[in-house]
Amino acid sequence: MLSVGLAAALGAGGHVVQPYKKGPDYIDPMWLGLAAGRACYNLDFYVMARDEIRELFARHACDAEVALVEGNKGLYDGLDLEGSNSNAALARLLDLPVILVIDARGMTRGIAPLILGYQAFDRELRIAGVILNRVGGSRHESKLRAVIEHYTDVPVLGAVHEDAALQIRERHLGLVPSNEASLARDQVGKIAARVAAQVDLPRLLDLTRGPAIPAPPARPAPQPPAYRIGIMRDRAFGFYYADDLDALRSAGAQLLPIDALADASLPADLDGLVLGGGFPESFMAELEANAVLRGQIRAAIDAGLPAYAECGGLMYLARSLRWGDKCHAMVGVIPGDVVMHDKPVGRGYVRLRHTGQAPWGETAGKEVYAHEFHYSSLENLPGGVEYAYQVERGHGVDGHHDGIVYRNLLASYTHLRATRNDSWVEHFMALVAEQAGGGRRNGAAPYATTREE
C-alpha cells in the first residue's frame, strides 16, 4: 500500500514515476501501474541476467523523474545463504537507496536495534530513511520518532497510521487485481491522499536523489503490426508482464483485447491467440454462459490457430472447472477437468526442460527458468497427452510434465517471461508468421469461428 500510495501521490504532485516490482508477481504491478500511470516492470534475478536487469531498469527509468522499486519479502531475504537475489542485492546492482517500511504495531524502543541491525548487516547498502507503517496513533508515533532519532541516524520520513481505507481486499492468491476492482482508481486516490498527508514527500525525494539514468543502447526498430493476435484481457484474465506485451508488439503483433465474459465473438481474421493467467474460478458461471465465444475458441484451436495459454488460460481451455460443489463447462480443447484446492498445488520458481514436442520453440534439452502459482490441478487427462516440458523443479501439470501440446496450442501452468534465456515470444510469432504466410493469408480458408456446443 505504501508503494501504491507513493507512486500515486508523487504522480499527483507532477512527477513522472516509473514503477518496478522485484520478483515474479502480476497483481502488485497492476496496482503500481494504475497508480503511476505507466506500465510496471518486473526485475527478477531468477529469470534474468544481471546486465539484463540493469538494461530493463534503465530503458524505462531514463525518461522518468522517479524510479520506484517495490521489493518482495524482507530487505535481506532470498533463496540462498549469500542473499544473491535479495532486495538488498537488487539495490546494490542498481545503485539505489533503500527506504525501510516497518510494521510498527506493538513496537516502541525495540525499533531502534531493528534499524541498527539492518544498517550493520550490509554497510555497502544506503538506507536513506524509514517509513513507519500501521502506527497506533499520534502518541505511538511520537514515541517511535523519539527512539529512532535518539539511537539511530536514519531519518523518519513518515508515519502512516492504521487505517482501514489503506486495505485492498485479498483472496487466495493475494490482492484482488486492479482489473477486477471496479472502484480501483478511487481507492488508489484515497490511498495516495493518506500517504501524502503522512509522508514527507519533498524530503523523501531529496534524500533519494541521484544522477540522471542514461538511456541504454537503442534496440532494433519494431516490426510493423502485421499479425492480428487476440489477447484475453478482462476481469477474469489479466496476468501479463509488460515486457512480454512489448515483445509481442515489437515482433509484429497487433494485440486485440478479448473479453471472455462479454464478447459475443472472436475478432475477425485472427493470426494467433494468447490467454494469460487470472482468476477464471471467480467467474466460471459467466464464462460458461458465454457459450458462443467458447465454441469459437475451440473451433479456431481445432483448426490450427497458433495459441498460447498460461495457468488461468489453461484452466479456461479445459473441459470443466470445479470449485467446491460448483462445476461449470469451459472451452473443452484440453481433455481434462480442473479442480480448485484450498492450498497451493504449485508455487514458486520452476525449471523446465524442453521435450522437443512444442509447436514452436527450442530444441529438446533447452532449460527454461520461470514460475508458477496455482491452487488448481488438472485431472482425468487421458493417456498419450504430449507435453512441451519436463519439470526439473516445480509441479506443472503433474509434478513431471507441463505445457500441454495440441495442434498449434501450448498450454501450461508455468508463467514464462520473454527474456534472453527464453525467447518464447520470438518463437510464437515465428509460428504465427509461418501459419499466416502459408495458409489463410495465401487464400486458404480462415480459421473456423463457430462450433456446435
Cα lying deepest toward the dipole's positive end in segment 2-208, options 4, 19, 88, charges on Cβ: 4
Contour minus Cα-Cα span, residue 386 to residue 123, at 0.36 nm per residue, comes to 89.5 nm
Would you work out which of 258, 346, 148 lies farthest towards the positive end of the dipole of the chain? Charges go on Cβ: Lys and Arg +1, Asp and Glu -1. 148
Out of the DSSP beta bridges found with both residues in segment 227-442, what percent are antiparallel (nearest 5)? 60
If each K or R counts +1 and each D or E counts -1, the residues other than residue 112 whose Cβ falls under 13 Å of its Cβ total +1
When the convex hull of the C-alpha atoms of segment 227-442 is computed, what volume per residue in Å³ does it have? 107
Taking the convex hull of the alpha-carbon atoms of segment 18-83 and averaging its shadow over every direction gives an area in square nanometres of 4.7
Please report how far the C-alpha centroid of segment 285-320 lies from that of segment 383-402, rounded to the nearest whole angstrom. 21
Percentage of Cα-Cα pair distances in the chain greater than 43 Å, rounded to whole percent? 18
Rounded to 5, the percent of DSSP beta bridges in segment 180-312 classed as antiparallel: 15
Suppose R0 equals 22 Å. What FRET efficiency, 1/(1 + (r/R0)^6) with r the Cβ-Cβ distance, do residue 63 and residue 209 give to the nearest 0.05? 0.85
Rounded to 10°, Cα long-axis angle of helix 138-151 versus longest principal axis of the chain: 70
Please work out the C-alpha center-to-center distance from segment 10-47 to segment 127-143 and express it in whole Å. 25
The base-10 log of I(q)/I(0) that the Debye equation returns for segment 2-208 at q = 0.08, 0.16 Å⁻¹, one scatterer per C-alpha, is -0.27, -1.16
Subtract the Cα-Cα distance of residue 219 and residue 269 from 0.36 nm times their separation in residues, and report this length gain in nm to one decimal. 15.0 nm
Using the crude model of +1 on Lys and Arg Cβ and -1 on Asp and Glu Cβ, and no other charge, please compute the dipole size for the chain relative to its Cα centre, in debye to 20. 700
Does anyone have the angle between helix 111-121 and the longest principal axis of the chain? Alpha-carbon axes, 0 to 90°, nearest 10? 70
Compute the acute angle (0 to 90°) between the alpha-carbon long axis of helix 424-438 and the principal axis of greatest extent of the alpha-carbon atoms of the chain; round to the nearest 10°. 30
In segment 61-96, which GluC sites (Glu not before Pro) fall in coil by DSSP and have 12 or fewer other Cβ atoms within 10 Å? 82
R0 = 25 Å: FRET efficiency of residue 183 with residue 262, Cβ-based, nearest 0.05? 0.85
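FYI, it's all coordinate maths here, none of it is from the lab. Fair warning: this is a prediction, and the values are worked out from it, not measured in the lab. A quick note on method: Cβ atoms are made from the backbone with ideal geometry, for glycine too, and the neighbour counts reach across all protein chains shown.
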